Amino acid sequence: MSRSIGAHARRFTLIAFAALSMAACEDGPAAAESASARPAQDHGDFKVLPAVLEDDEYTELAEQLSEERWLEDVADVLNESLILPRDIGLRFAQCGENNAYYVPEDHEIQVCIEMFEGERETFAAYYDTEEEIEDAVNGSFLFTVFHEVGHALIDVLEIPFTGREEDAADSLAAWWLIDGDDGEESAISGALSFYTDPDEAGELEESDFSDEHSLSQQRYYTLTCLVYGSDTEKYANLLEEEWLTEERAEQCPAEFQRLTSTWYTLLDAHLKE
Ligand SMILES: [Zn+2]
């Protein structure tokens with residue numbers, strides 16, 4: 001498995017923290033006043049817990065992921081930025097599918113260790129070089145983890161939301177990655193993983209429409225739109241290469257602006273300065 005996540009995640013750590021700190025400074029006296037009116041106290045951290053494995057099949061992989069600090073680097077960046085009322089666990093688990101969960105009873109995020117095989121297969125069919133595949137797996141992993149972090153924060157911080165919780169979790173992940181600079185690549189990898197979702201490859205079924213998640217193709221377009229909207233010049237290729245439609249692209253800068261202002265407002269009392 002790739003070593004590049006270490007470098008990626010570490011670079012991301014610094015940039016994301018800088019971005020959040022800067023936002024806190026830019027808020028000015030009014031925000032400082034409102035924050036002091038309802039001070040959040042830091043009683044917790046994201047804590048990486050030992051992997052839960054059913055058999056020996058994934059022991060070596062779990063050790064390698066731990067050595068390469070895949071979850072540890074994510075926990076570090078979150079803890080540098082967030083004030084939490086309690087600890088939230090973060091662990092790999094063998095769950096028999098390519099997925100991830102937030103378990104509210106345990107306040108714990110479980111990332112299925114099988115995701116590395118699943119995502120590698122998805123991206124191997126799309127990219128030519130090993131480096132591209134590894135970067136995409138890395139990016140998709142980060143999007144998945146931050147989506148679950150979205151569920152966890154909605155739970156422990158009692159963040160209000162309208163619409164589907166799944167869409168709110170996607171939007172937290174998109175905001176954190178895209179606003180944290182350099183995370184755009186991860187958001188694109190996450191989008192591509194939705195675009196190529198094998199579960200929706202054939203004809204769509206009733207269960208796809210009744211699912212609590214938006215359709216994978218919709219999640220793909222929303223994420224791509226937010227990346228494009230964050231910098232329409234830098235990501236002009238997304239429109240040129242038809243990752244997006246012209247009609248949607250027009251709205252993307254406003255969608256990205258709304259995303260950032262919403263999350264800074266919702267997390268205002270919980271961001272470290
Ligand atoms: Zn979810």
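Every number here is computed from the coordinates shown, using simple stated rules; none is lab data. What you are looking at is a predicted structure, and each value in this text was computed from that prediction instead of being measured. Cβ placement follows ideal geometry from the backbone for every residue including glycine, while neighbour counts extend to all protein chains displayed.
Exposure proxy check: D208, D55 ranked by fewest other beta carbons within 10 Å?
D55, D208
In terms of modelled amide H atoms, which long-range or inter-chain residues lie less than 5 Å from the amide H of D87?
So D87 has HN proximity to D45.
Show me, for the range 179-185, the HN-Hα J-couplings you get by feeding each phi into the Karplus relation (A = 6.51, B = -1.76, C = 1.60, θ = phi - 60°), rounded to Hz, glycine and proline as x.
Using θ = phi - 60°, the values come out as 6, x, 6, 6, x, 4, 4 Hz.
Say a paramagnetic label sat at a point 7 Å from the Cα of Q257, along Cα to Cβ; which residues of the range 164-192 have their backbone N under 18 Å from it?
Answer for this model: 175, 179.
Amide H to amide H under 5 Å from F92: which residues, 5+ apart in sequence or cross-chain, H placed 1.01 Å off N in plane?
Counting only residues 5 or more places away or on other chains, the set is A51, V52, V111.
So what is the relative contact order for the chain, in percent, with contacts set as C-alpha pairs under 8 Å and at least six apart? It would help to have the intermediate numbers written out before the result.
On the way: 389 pairs, mean separation 53.2, N = 273.
Relative contact order of the chain: 19 percent.
List the GluC sites (Glu not before Pro) within the range 190-247 that DSSP assigns to loop and that have no more than 15 neighbouring Cβ atoms inside 10 Å.
E203, E205, E212, E233, E241, E242
Please report the Cα spread of the range 181-258 along all three principal axes, rounded to whole Å, starting with the longest.
Sorted from largest, the Cα extents of the range 181-258 read 39, 21, 20 Å.
In the range 101-169, what GluC sites (Glu not before Pro) fall in a loop by DSSP, with at most 14 other Cβ atoms inside 10 Å? It would help to have the intermediate numbers written out before the result.
Numbers: sites: E105, E108, E114, E117, E119, E121, E130, E131, E132, E134, E148, E158, E165, E166; in loops: E105, E114, E158.
Listed in order of number, the matching sites are E105, E158.
In whole Å, what three semi-axes, largest first, describe the equivalent ellipsoid of the chain built from its Cα gyration tensor (square root of 5 times each eigenvalue)?
After diagonalising the Cα gyration tensor, the semi-axes are 27, 24, 18 Å.
Among H43, H270, H213, rank each residue by its count of other Cβ atoms within 10 Å, from fewest to most, as a rough exposure measure.
Working: H43 10, H270 18, H213 15.
In increasing order of surrounding Cβ atoms, one gets H43, H213, H270.
In the range 57-152, which trypsin sites (Lys or Arg not before Pro) fall in coil by DSSP and have 11 or fewer other Cβ atoms within 10 Å?
R86
Out of all DSSP beta bridges with both ends in the chain, state the antiparallel percent to the nearest 5.
Values: 6 of 15 bridges.
Within the chain, antiparallel bridges account for around 40 percent of the total.
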